[in-house]
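Below: the structure, in structure tokens.
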Amino acid sequence: MLAVASHVALKELRQLLRDRRSLVLILVMPLLLTFLFGKALETGDIRGIPAAVLNEDGSPESNKIVTAMSSFGEIQIQVEPHSREEAYHLLADGRIKAAIIIPKGFMKQIEAGQEVQLQLLLDGTDNNSAPIVEGVAKRVIQRYNAERAIRGLWAQGVRPDRGRRLIQPVYVQTEIRYNPGLQYLGYVMPGVIGLTLQLLTVMLMAISIPRERERGTLDQLLATPITRTELILGKLLPYFGISLLNVGTILFVADRWFNVPVEEGLPLLLLLCALFVLTSLATGLLISAVSHSQFQAVQIAVFYVLPVFMLSGAYAPIEAIPDYIRPISYLFPLMYFSRAVRAVTLRGADFLVVWKDVAVLAGFVLVFLYWAVLAFHKRTA
């Protein structure tokens, strides 16, 4: 069987080498996508959120808050409106995403020992920026309150260090292990690698059989003594070999360009990538076997890749997916691949830690390949 499948593989490889455009697409596009996705997701931080500050009081105390707000890189004070109505219009027009209003009489109320309420207006249409601005505002006010309380205690003869312990007797000492810099790219890079490998492998394999059918060469192949299983394996092998070449280049870019630690767990990463590539190729074969034309194959492939992108947990924690949708995530190999690669690159996990994900990926390979061969048998019977 393998000898016959190898002849089909050589035929498929020659056909691929003659198609220069497809060959360039296969070899160059994974590198390009890895680089573009990696650069786009390199920080994951939202900075420079446009904001406005209306300081109706204009006192030294209120100016301290304005200065403190301006010191945070997450927001950018772009305008200082002259009235509340102007601030409302700026927010409604989308020119700013947040407005901080310090009321008139702020300093007098503070010195009189009264509570003062600042107004923070947020644009809720951007649910990513709004919590960030709110967090910055809370940090500024918390720091201002602490410093003012310490100054008050100092005026009563209490030393600053003693005053700080009086107003903040409990504190948290944080130790972040595994990705101590909280780099967003380290978290999403497994998803970038997986999606890059999956996009081309699924698409290319999905059109392989419909392309033979439209050219009329499929009937000629089936008229030979070649079995359907040998034909399937022969079509899979060349793309698997080229995909392994892409795996090497992608991991090199991830390690050298984006500083994702690859070297220590390289053998395990290669195993995970090989299994994931096989699942993607098998998925493409299954789509190819049930499709009547190349156009239909591309349509089905797109409808498969889009949910994977959104529901695999590759770019956001799977816990963020609603409970009633989350079970669908476990049907996608990318979820297990991303989880295992993340464990290897960020936590230095070994095979004993990720063996379940390896086993599930191997199971996907067997099920999808068997399903593809079975579907192809039914279509050509």
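A few notes on this one:
- Summary value for segment 49-167: 27 percent relative contact order, contacts being C-alpha pairs under 8 angstrom separated by 6+ residues.
- Charges were assigned to the Cβ only: +1 to each Lys and Arg, -1 to each Asp and Glu. The resulting dipole of segment 49-167 about its Cα centre is roughly 760 debye.
- Neighbour counts of C-beta atoms inside 10 Å place Tyr330, Tyr304 in the sequence Tyr330, Tyr304, starting with the fewest.
- Contour excess over end-to-end distance, with Cα ends at Gln78 and Tyr144 and 0.36 nm allotted per residue: 21.5 nm
Bear in mind these aren't lab numbers, they're just calculated from the coordinates by the rules spelled out. Owing to the predicted nature of the structure, the values given are computational and were not obtained by experimental measurement. A quick note on method: Cβ atoms are made from the backbone with ideal geometry, for glycine too, and the neighbour counts reach across all protein chains shown.
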